[in-house]
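Here's the structure, in structure tokens; my notes come after.
The values are calculated or read from the model by the stated rules, or taken from the named source; none is laboratory data. Every value quoted in this text rests on a predicted model; they were computed, and no experiment measured them. Every residue, glycine as well, gets a Cβ built from its backbone with ideal geometry; the counts of neighbours run over all protein chains shown. What goes into the accessible areas is simple: the full protein's heavy atoms, side chains included, and nothing from ligands, DNA or RNA. Shrake-Rupley method; radii C 1.70, N 1.55, O 1.52, S 1.80 Å.
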Amino acid sequence: MIAKQRKPFACHLLIFLHIFLGIGALFGGGVLIVSPDGSILSMPLKMLQNSPFNNFLIPGLILFVGLGILPLITAIFLISEKPLKIAEKLRLYKETHWSWNSSLYIGFILIIWITVELYMIQGVAFIHVFYLFLGLIIQSITLLPSVKEHYSNNY
């Protein structure tokens with residue numbers, strides 16, 4: 001068995017970004033699930049007039065699971081690098097650990113989420129720009145050669 005190399009700094013940064021995203025989305029999504037009228041976050045239902053939603057429940061569930069739970073699970077497995085049979089089948093890049101692939105997917109999910117949100121609410125706030133850049137940064141760090149190489153060993 002070949003000993004695993006130490007994680008490069010970029011891997012630790014990537015893990016931190018997934019934890020940051022996950023905790024924020026759990027909070028935001030959780031609040032929208034608990035208060036689908038948006039009152040806790042001072043988000044009027046009028047924001048949804050160009051969307052297929054009558055309230056924030058479904059967006060809250062998507063946010064909670066897709067950008068809350070998924071990034072936290074990914075972070076755990078980016079740390080442990082343990083296999084997960086069901087996730088192995090979802091790898092686009094078969095030579096890399098499934099969590100590396102998941103990291104790339106999360107970047108896409110975040111960028112798509114923000115883009116659709118901007119289209120539906122037809123407005124832009126600083127937080128949208130911040131999370132759009134966060135999605136790009138997650139993808140950029142995931143694609144760094146040192147990160148890809150680290151998660152490519154022995155897979």
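Measure off, as a whole percent, the carbon and sulfur share of the 1.4 Å-probe accessible area of the chain, all protein chains present. The value for the chain is 74 percent carbon and sulfur by accessible area. In the chain, the DSSP-assigned H stretches of four residues or longer account for a calculated mean residue ellipticity at 222 nm of -20000 deg cm²/dmol, using -39500 (n - 2.57) per stretch and the full residue count as denominator. For segment 107-155, dividing the convex hull volume of the Cα atoms by the residue count gives 55 Å³ per residue. Taking a span of 27 Å or more along the helix axis (Cα atoms) and a mean Kyte-Doolittle hydropathy of at least 1.0 as the rule, the DSSP H helices of the chain that qualify are 9-34, 98-121.
Subtracting the Cα-Cα distance of Glu88 and Ser146 from their residue separation scaled by 0.36 nm leaves 18.7 nm.
In straight-distance terms, cross-link reach from Lys7 covers every one of the aspartates and glutamates whose alpha-carbon lies under 20 Å from its own, apart from those fewer than eight places away in the same chain; here that gives Glu81, Glu95, Glu149.
Overall shape of segment 25-79 was characterised from the C-alpha gyration tensor. The equivalent ellipsoid obtained from it has semi-axes of 25, 11, 7 Å, in decreasing order.
When the surface is traced with a 1.4 Å probe over the full set of protein chains, Lys7 keeps roughly 40 Å² accessible. Its Cα centre serving as origin, segment 1-152 has a Cβ charge dipole (Lys and Arg +1, Asp and Glu -1) of approximately 440 debye. Using the 1.4 Å probe convention, the accessible area of segment 44-143 works out to 57 Å² per residue with neighbouring protein chains retained.
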